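As C-alpha coordinates, the structure follows; a few thoughts come after it.
The values are calculated or read from the model by the stated rules, or taken from the named source; none is laboratory data. Everything quoted here is computed from the prediction, not taken from an experiment. Positions of Cβ are backbone-derived with ideal geometry, glycine not excepted, and every protein chain shown enters the neighbour counts. The area values use the complete protein model at the heavy-atom level, side chains included, leaving out ligands, DNA and RNA. Shrake-Rupley method; radii C 1.70, N 1.55, O 1.52, S 1.80 Å.
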Amino acid sequence: MSLEIPPGIAPAIILVEPQLAENIGMTARAMANFGLSELRLVNPKNGWPKKGVREAASGATHVLDAARIFASVPEAISDLNYVLATTARERGQMKRVMGPDEAMTEVAARADQRVGILFGRERVGLTNDEVSLADAIVTFPVSPDFPSLNLAQGVLLTAYEWRRAAGRARLPFSGEMHSPPATRAALISLFESLESALDRAGYFPADKREIMARNMRDILHRMAMTEQDVRTLRGALRALNLPRSRGGTDDGASRLG
(Lines give C-alpha, C1' and ligand atoms only; values in the text may rest on other atoms or scores of the structure.)
Protein backbone atom coordinates (compact mmCIF):
# COMPACT_ATOMS: atom_id res chain seq x y z
CA MET A 1 0.00 0.00 0.00
CA SER A 2 1.44 3.39 -0.96
CA LEU A 3 1.86 5.88 1.85
CA GLU A 4 0.22 9.27 1.49
CA ILE A 5 2.92 11.11 3.44
CA PRO A 6 6.45 9.61 3.54
CA PRO A 7 8.23 9.16 6.89
CA GLY A 8 10.52 12.10 7.56
CA ILE A 9 7.92 14.67 6.58
CA ALA A 10 5.30 13.62 9.12
CA PRO A 11 6.11 12.99 12.80
CA ALA A 12 6.78 9.52 14.17
CA ILE A 13 4.37 8.23 16.80
CA ILE A 14 6.25 6.49 19.63
CA LEU A 15 4.34 4.28 22.08
CA VAL A 16 6.30 3.49 25.23
CA GLU A 17 5.65 0.01 26.65
CA PRO A 18 2.10 -0.30 25.29
CA GLN A 19 0.25 -3.23 26.81
CA LEU A 20 -3.03 -3.81 24.98
CA ALA A 21 -3.21 -5.00 21.39
CA GLU A 22 -6.44 -3.03 20.95
CA ASN A 23 -4.70 0.24 21.81
CA ILE A 24 -1.85 -0.38 19.38
CA GLY A 25 -4.23 -1.40 16.61
CA MET A 26 -6.49 1.59 17.19
CA THR A 27 -3.42 3.84 17.26
CA ALA A 28 -2.44 2.53 13.82
CA ARG A 29 -5.97 3.21 12.61
CA ALA A 30 -5.91 6.78 13.98
CA MET A 31 -2.55 7.40 12.34
CA ALA A 32 -3.75 6.15 8.97
CA ASN A 33 -6.91 8.29 9.23
CA PHE A 34 -4.75 11.41 9.13
CA GLY A 35 -1.88 10.32 6.93
CA LEU A 36 0.73 9.29 9.51
CA SER A 37 2.61 6.06 8.91
CA GLU A 38 5.68 5.84 11.13
CA LEU A 39 4.97 3.89 14.32
CA ARG A 40 7.69 3.09 16.84
CA LEU A 41 7.11 0.75 19.78
CA VAL A 42 9.33 0.79 22.85
CA ASN A 43 9.45 -2.57 24.60
CA PRO A 44 5.79 -3.56 24.04
CA LYS A 45 4.47 -5.64 26.92
CA ASN A 46 4.18 -9.38 26.29
CA GLY A 47 6.09 -9.19 23.05
CA TRP A 48 5.33 -8.32 19.47
CA PRO A 49 3.31 -8.87 17.35
CA LYS A 50 0.26 -9.16 19.57
CA LYS A 51 -2.80 -11.29 18.99
CA GLY A 52 -5.75 -9.18 17.83
CA VAL A 53 -3.71 -6.11 16.94
CA ARG A 54 -4.41 -6.35 13.21
CA GLU A 55 -8.14 -6.70 13.76
CA ALA A 56 -8.15 -3.58 15.96
CA ALA A 57 -6.36 -1.64 13.20
CA SER A 58 -9.40 -2.02 10.90
CA GLY A 59 -7.31 -2.19 7.74
CA ALA A 60 -4.43 0.09 8.76
CA THR A 61 -2.11 -2.91 8.69
CA HIS A 62 0.51 -1.08 6.62
CA VAL A 63 1.28 0.99 9.73
CA LEU A 64 1.68 -2.15 11.85
CA ASP A 65 3.77 -3.95 9.23
CA ALA A 66 6.24 -1.04 9.13
CA ALA A 67 6.38 -0.58 12.92
CA ARG A 68 9.86 -0.57 14.44
CA ILE A 69 10.63 -2.04 17.84
CA PHE A 70 13.11 -0.47 20.29
CA ALA A 71 14.38 -1.56 23.69
CA SER A 72 14.35 1.92 25.27
CA VAL A 73 13.18 5.49 24.74
CA PRO A 74 16.72 6.83 24.11
CA GLU A 75 17.12 4.30 21.30
CA ALA A 76 13.70 5.12 19.83
CA ILE A 77 14.47 8.86 19.61
CA SER A 78 18.18 8.71 18.80
CA ASP A 79 17.77 9.83 15.15
CA LEU A 80 15.24 12.57 15.88
CA ASN A 81 15.85 16.32 15.92
CA TYR A 82 12.80 17.35 17.92
CA VAL A 83 10.81 15.34 20.45
CA LEU A 84 7.52 16.02 22.22
CA ALA A 85 6.25 14.16 25.29
CA THR A 86 2.53 13.83 25.98
CA THR A 87 1.33 13.87 29.57
CA ALA A 88 -1.87 14.55 31.47
CA ARG A 89 -0.23 15.87 34.62
CA GLU A 90 2.19 18.61 35.59
CA ARG A 91 5.75 17.30 35.92
CA GLY A 92 7.55 20.18 37.58
CA GLN A 93 9.98 20.39 34.69
CA MET A 94 11.00 23.68 33.12
CA LYS A 95 9.68 22.85 29.69
CA ARG A 96 7.37 24.59 27.30
CA VAL A 97 3.81 23.21 27.65
CA MET A 98 1.50 23.27 24.63
CA GLY A 99 -1.91 22.05 23.59
CA PRO A 100 -2.04 19.74 20.57
CA ASP A 101 -2.94 22.57 18.17
CA GLU A 102 0.03 24.74 19.11
CA ALA A 103 2.34 21.75 19.32
CA MET A 104 1.45 20.48 15.85
CA THR A 105 1.87 23.95 14.39
CA GLU A 106 5.41 23.77 15.75
CA VAL A 107 5.88 20.31 14.27
CA ALA A 108 4.55 21.35 10.86
CA ALA A 109 7.05 24.22 10.82
CA ARG A 110 9.85 21.64 11.25
CA ALA A 111 9.04 19.69 8.07
CA ASP A 112 12.76 19.48 7.28
CA GLN A 113 13.52 17.84 10.64
CA ARG A 114 12.85 14.40 12.10
CA VAL A 115 10.18 14.76 14.78
CA GLY A 116 8.75 12.23 17.23
CA ILE A 117 5.88 12.32 19.72
CA LEU A 118 6.08 10.16 22.84
CA PHE A 119 2.99 8.51 24.32
CA GLY A 120 3.27 6.68 27.62
CA ARG A 121 1.91 3.53 29.16
CA GLU A 122 -1.83 3.01 29.43
CA ARG A 123 -1.93 3.21 33.22
CA VAL A 124 0.95 5.44 34.30
CA GLY A 125 2.07 7.33 31.20
CA LEU A 126 5.68 8.40 30.77
CA THR A 127 8.20 8.51 33.59
CA ASN A 128 9.74 11.85 34.57
CA ASP A 129 13.06 10.68 33.16
CA GLU A 130 11.41 9.94 29.82
CA VAL A 131 9.71 13.34 29.78
CA SER A 132 13.08 14.94 30.50
CA LEU A 133 14.35 13.66 27.13
CA ALA A 134 11.77 15.73 25.24
CA ASP A 135 12.05 19.32 24.02
CA ALA A 136 8.52 20.23 25.11
CA ILE A 137 5.34 18.81 26.63
CA VAL A 138 1.96 18.30 24.96
CA THR A 139 -1.15 18.08 27.10
CA PHE A 140 -4.84 18.09 26.23
CA PRO A 141 -7.52 20.61 27.32
CA VAL A 142 -9.80 17.91 28.71
CA SER A 143 -12.52 18.36 31.31
CA PRO A 144 -11.06 18.32 34.83
CA ASP A 145 -14.05 16.21 35.85
CA PHE A 146 -12.87 13.39 33.60
CA PRO A 147 -9.34 13.95 32.28
CA SER A 148 -8.52 10.35 31.35
CA LEU A 149 -7.78 9.78 27.65
CA ASN A 150 -7.38 6.44 25.96
CA LEU A 151 -3.97 6.01 24.32
CA ALA A 152 -5.40 5.85 20.81
CA GLN A 153 -7.61 8.88 21.52
CA GLY A 154 -4.54 10.93 22.38
CA VAL A 155 -2.88 9.84 19.14
CA LEU A 156 -6.06 10.63 17.19
CA LEU A 157 -6.28 14.19 18.54
CA THR A 158 -2.61 14.79 17.88
CA ALA A 159 -2.72 13.36 14.35
CA TYR A 160 -5.79 15.44 13.52
CA GLU A 161 -4.13 18.65 14.68
CA TRP A 162 -0.97 17.80 12.75
CA ARG A 163 -2.94 17.33 9.55
CA ARG A 164 -4.64 20.69 10.06
CA ALA A 165 -1.38 22.46 10.84
CA ALA A 166 0.32 20.89 7.81
CA GLY A 167 -2.38 22.25 5.52
CA ARG A 168 -3.60 18.78 4.54
CA ALA A 169 -7.02 18.87 6.23
CA ARG A 170 -9.11 18.94 3.07
CA LEU A 171 -12.66 17.65 3.41
CA PRO A 172 -13.41 14.58 1.27
CA PHE A 173 -16.49 16.19 -0.26
CA SER A 174 -17.89 19.70 -0.38
CA GLY A 175 -21.68 19.41 -0.55
CA GLU A 176 -21.70 22.08 -3.25
CA MET A 177 -24.72 22.42 -5.50
CA HIS A 178 -24.57 20.27 -8.63
CA SER A 179 -27.40 22.21 -10.26
CA PRO A 180 -26.85 25.84 -11.29
CA PRO A 181 -28.90 28.65 -9.74
CA ALA A 182 -32.34 29.07 -11.23
CA THR A 183 -32.77 31.77 -13.86
CA ARG A 184 -35.20 34.65 -13.42
CA ALA A 185 -37.36 33.18 -16.16
CA ALA A 186 -37.62 29.84 -14.34
CA LEU A 187 -38.49 31.55 -11.06
CA ILE A 188 -41.13 33.78 -12.65
CA SER A 189 -42.70 30.76 -14.33
CA LEU A 190 -42.78 28.97 -10.97
CA PHE A 191 -44.39 31.98 -9.29
CA GLU A 192 -47.08 32.10 -11.98
CA SER A 193 -47.81 28.38 -11.70
CA LEU A 194 -47.98 28.51 -7.90
CA GLU A 195 -50.20 31.60 -7.82
CA SER A 196 -52.54 30.17 -10.46
CA ALA A 197 -52.90 26.97 -8.45
CA LEU A 198 -53.63 28.95 -5.30
CA ASP A 199 -56.16 31.11 -7.18
CA ARG A 200 -58.01 27.98 -8.26
CA ALA A 201 -58.02 26.72 -4.69
CA GLY A 202 -59.44 30.03 -3.45
CA TYR A 203 -56.45 30.66 -1.22
CA PHE A 204 -56.08 34.43 -1.69
CA PRO A 205 -58.56 36.91 -0.18
CA ALA A 206 -59.42 39.36 -2.94
CA ASP A 207 -58.19 42.41 -1.05
CA LYS A 208 -54.87 40.81 0.01
CA ARG A 209 -53.85 38.82 -3.05
CA GLU A 210 -51.09 41.14 -4.26
CA ILE A 211 -49.31 41.51 -0.93
CA MET A 212 -49.63 37.80 -0.12
CA ALA A 213 -48.24 36.87 -3.55
CA ARG A 214 -45.29 39.23 -3.07
CA ASN A 215 -44.58 37.76 0.37
CA MET A 216 -44.65 34.28 -1.11
CA ARG A 217 -42.22 35.32 -3.84
CA ASP A 218 -39.89 36.76 -1.20
CA ILE A 219 -39.96 33.45 0.67
CA LEU A 220 -39.01 31.56 -2.49
CA HIS A 221 -36.27 34.09 -3.31
CA ARG A 222 -34.68 33.55 0.10
CA MET A 223 -34.36 29.86 -0.70
CA ALA A 224 -31.81 30.68 -3.42
CA MET A 225 -33.24 27.88 -5.53
CA THR A 226 -31.40 25.93 -8.16
CA GLU A 227 -32.79 24.85 -11.51
CA GLN A 228 -33.40 21.40 -10.01
CA ASP A 229 -35.32 22.95 -7.11
CA VAL A 230 -37.61 24.76 -9.54
CA ARG A 231 -38.19 21.61 -11.59
CA THR A 232 -39.05 19.68 -8.45
CA LEU A 233 -41.59 22.25 -7.23
CA ARG A 234 -43.18 22.59 -10.68
CA GLY A 235 -43.54 18.81 -10.80
CA ALA A 236 -45.21 18.83 -7.37
CA LEU A 237 -47.64 21.53 -8.52
CA ARG A 238 -48.53 19.54 -11.63
CA ALA A 239 -49.21 16.48 -9.48
CA LEU A 240 -51.54 18.47 -7.23
CA ASN A 241 -53.47 19.68 -10.26
CA LEU A 242 -54.05 16.19 -11.69
CA PRO A 243 -57.59 14.77 -11.46
CA ARG A 244 -58.14 12.58 -8.43
CA SER A 245 -58.14 8.82 -8.95
CA ARG A 246 -61.47 7.20 -9.77
CA GLY A 247 -61.37 5.18 -6.58
CA GLY A 248 -61.55 8.33 -4.42
CA THR A 249 -64.54 10.35 -3.31
CA ASP A 250 -64.98 14.09 -3.21
CA ASP A 251 -65.51 14.22 0.54
CA GLY A 252 -62.85 11.66 1.38
CA ALA A 253 -65.37 9.38 3.10
CA SER A 254 -65.27 5.61 2.61
CA ARG A 255 -68.14 3.98 0.79
CA LEU A 256 -69.81 1.06 2.53
CA GLY A 257 -71.02 -1.79 0.37
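Residue check: is SER37 among the hydroxyl-bearing types (Ser, Thr, Tyr) and surrounded by fewer than 17 Cβ atoms within 10 Å (Cβ to Cβ)?
Here the answer is no, as SER37 does not meet what is asked.
From (1) open to solvent by 20 Å² or more (accessible area, probe 1.4 Å); (2) within 23 Å of LEU157 (Cβ to Cβ), pick out the condition that doesn't hold for VAL83.
(1)
Looking only at segment 121-140, count every residue that is part of a loop (DSSP other than H, G, I, E, B), more than 17 Å from LEU80 (Cβ to Cβ) and either among the charged types (D, E, K, R) or in contact (Cβ under 8 Å) with a residue 60 or more places away in the chain (or both) and tell me the total.
Qualifying residue count for the region: 2.
Need pairs with beta-carbon distance below 6 Å; first residue on the phi > 0 side of the Ramachandran plot and within segment 62-81, second assigned to a helix (DSSP H, G or I); sequence gap 6+ or separate chains.
From residues that are on the phi > 0 side of the Ramachandran plot, there are no pairs.
Within segment 192-210, does at least one residue satisfy the condition of being within 40 Å of the chain's Cα centre (by Cα) and surrounded by 11 or more Cβ atoms within 10 Å (Cβ to Cβ)?
Looking only at segment 192-210, we keep the residues that are within 40 Å of the chain's Cα centre (by Cα), and these are none.
No: segment 192-210 contains no residue that is within 40 Å of the chain's Cα centre (by Cα) and surrounded by 11 or more Cβ atoms within 10 Å (Cβ to Cβ).
Given (1) in a loop (DSSP other than H, G, I, E, B); (2) more than 24 Å from GLY25 (Cα to Cα); (3) in contact with a strand residue (DSSP E or B) (Cβ under 8 Å, 6 or more places away or on another chain), where does PRO144 come up short, assuming only one miss?
(3)
When you check ALA136 against the structure, is it small (Gly, Ala, Ser), at pLDDT 95 or above and either surrounded by 14 or more Cβ atoms within 10 Å (Cβ to Cβ) or within 22 Å of ARG68 (Cα to Cα) (or both), yes or no?
So ALA136 passes the test.
Are any residues in segment 91-111 under 30 Å from the mean Cα position of the chain (by Cα) and surrounded by fewer than 20 Cβ atoms within 10 Å (Cβ to Cβ), and if so, which ones?
ARG96, VAL97, MET98, GLY99, ASP101, GLU102, THR105, GLU106, ALA109, ARG110, ALA111
Open to solvent by less than 20 Å² (accessible area, probe 1.4 Å), closer than 30 Å to PRO172 by Cα and at pLDDT 95 or above: is that true of MET31 in this structure?
Judged against the criteria, MET31 is a match.
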